1. Could you tell me whether segment A:130-225 comes out rounded, prolate or oblate from its Cα gyration tensor? Rule is a ≥ b ≥ c as square roots of the eigenvalues, rounded for a/c under 1.5, then prolate if a/b exceeds b/c, otherwise oblate.
2. Using only Cα atoms, find the angle between the long axis of helix A:211-221 and the longest principal axis of chain A, and express it within 0 to 90 degrees, rounded to the nearest 10.
3. Which whole-number percent gives the relative contact order of segment A:40-87, counting Cα pairs below 8 Å spaced six or more residues apart?
4. Within 15 Å, Cβ to Cβ, of A:Val166, how many net charges do the neighbouring residues add up to if Lys/Arg are +1 and Asp/Glu are -1?
5. Going through segment B:26-84, which chymotrypsin sites (Phe, Trp or Tyr not before Pro) have at most 15 other Cβ atoms within 10 Å and a DSSP loop state?
6. In segment A:133-225, how many lysine pairs have Cα atoms under 20 Å apart, counting only pairs 8 or more places apart or on different chains?
7. Quick one: what are the phi-derived ³J(HN,Hα) couplings along segment A:35-44, Karplus 6.51/-1.76/1.60 with θ = phi - 60°, whole Hz, x for glycine and proline?
8. Shape call for segment B:21-115 from the C-alpha gyration tensor, a ≥ b ≥ c root eigenvalues: rounded (a/c under 1.5), prolate (a/b greater than b/c) or oblate?
Amino acid sequence: MSGVIKTVSLAVSVLLCVFLLSVPGASGGMAAEGRRVFVERGCGECHTTERPLRRPTFEEFLTEKGPPLWYAGSKFRKGWLKEWLTSPEPVRPMAYNSLKERNPDNHPALGSKEAEAVAEYLATLKVEGLKRGVVRPEKNVRGRIIFEKKLGCYGCHLVRKGRRIVGGLSGPSLVGAGRRLEPDWIYAFLKDKNLFVPYTSMPVYVGIITDREMRILSGYVASME
Amino acid sequence: MWLPWNRIIVALLLAFLFTIPASALRVKENYLFYCAPCHGLDGRGEGPNATPTQPVTPRNHRNPKEMEKLSDEDIINVIRFGGRATGISTLMPPYRNTLTEEEILELKDYLRELCQCSGPR
C-alpha cells in the first residue's frame, strides 16, 4: 500500500514540476520570451537595451529614434509597461529628438500575451546601485510649489491641472506620471541625468534645489495623475 | 590640363569648416538644445513649449525692440539664475549649473546676433 502512495506522490510531484516549468513567469521564461518578442518585432531598431560603452557624440545622439530602454526596469512600473504596450499612446508630445515634428503616434501595439512578456523582460533591465525606497509618492503642497513656482517644470512638461491639460510640449508628458514612473528613478534622474541620457535639454537642478527638495519634488511627480 | 575639381572643392570646404571656431558650433548647439524648445529654432519665440496654455509667451530673440531693453548683464543673469531670480517668468529655468560661464557669454553674444541690437546705453 505504502508503495502505491509513494508512486502516486512521486507522479504528482513530477507533474507539478512539469507544470511549473511550463509556466513562463514561474521559471523566468516569461522574460526570455519577452526578449525574443522584443528582438523579433525589431524593437531594437529604435530602442537600446544595453548600456552604451561610450558617450555618443551630439550628432550620433540626434540620430537616435527612440528613448533608451536599458534602464527601463528602474524607470517604469511593470503594470504600466504592459498596459501601454497593448495600446500605446504618445508619452512625448513631440517626435523623439525633434522640436519640429509632433509625435507620429505610430508605436506598434502588442497583443496582451506579448505585451506581458515584453514588460517582464523590460522589468529586468535595471540600473545597478539605484537606491530603492528613497522616495514615496506624495501629493504635497511643497512639491507643487517647487514644481510650479520654483522651477516652472510645466514650461516643458504637460500636466493635469483640474480638468485641463496644460504645459509645454518639448519634454515627456507628466500626465499620469504616477502610474508610469518609479519614484526612486525620478529622484535618481534629477540627481544625475547623464547617468541615463547623454544629452538632455532639462537643466541641472543639483545645487539649484536642495537634496530634500529634490526628493519632495520626485514624490510629487510620482503622485501625478 | 584638367584640374581635379572634386578634390579642390572638398579641400576648400574642409578649409572653410576649420576656420569656423568651435565655439560658434557649440553656441548653436546650445541654443538648439536649451533655448529653442521655448524660443524656437529661429528664435522668434515659437518653440513647442509656447502653447496657448502657458501663462506667458517666450521672448522673441529676433525682436530688437524687446531685446534692446535688456542689458548684456540682464541677459547673462537671466540665463544664469532663471526667470524667478530676475523677476520674469519662472518658466525660464536657471542654467548656471548646466552651462559653463563661457557658454553663457557665448549665448548672450548669439542673442545679440539674432536681434541685431545692443543693450541700453
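1. Values: a/c = 1.40, a/b = 1.20, b/c = 1.17.
Note, shape of segment A:130-225 comes out rounded.
2. Tilt relative to chain A: about 70 degrees.
3. On the way: 21 pairs, mean separation 20.0, N = 48.
For segment A:40-87, the relative contact order is 42 percent.
4. Working: positive: A:Arg144, A:Lys149, A:Arg160, A:Lys161, A:Arg163, A:Arg164; negative: A:Glu148, A:Glu225.
Taking every other residue near A:Val166 into account, the sum is +4.
5. Details: sites: B:Tyr31, B:Phe33, B:Tyr34, B:Phe81; in loops: none.
In loop regions of segment B:26-84 (DSSP not H, G, I, E or B), there are no sparsely surrounded chymotrypsin sites (Phe, Trp or Tyr not before Pro).
6. Details: A:Lys139/A:Lys149; A:Lys139/A:Lys150; A:Lys139/A:Lys161; A:Lys149/A:Lys161; A:Lys149/A:Lys191; A:Lys150/A:Lys161; A:Lys150/A:Lys191; A:Lys150/A:Lys193.
Going through segment A:133-225 pair by pair, I get 8.
7. Taking θ as phi minus 60°, the curve returns 5, 4, 4, 4, 5, 4, 7, x, 4, x Hz for segment A:35-44.
8. On the way: a/c = 1.38, a/b = 1.25, b/c = 1.10.
It is rounded, given that a/c, with a ≥ b ≥ c, falls under 1.5.
Any read-out appearing in this document is the output of simple, stated calculations on the displayed coordinates, not a laboratory observation. No experiment lies behind these values; they were computed from the predicted model shown. Cβ atoms come from the backbone with ideal geometry, glycine included; neighbour counts cover every protein chain shown.
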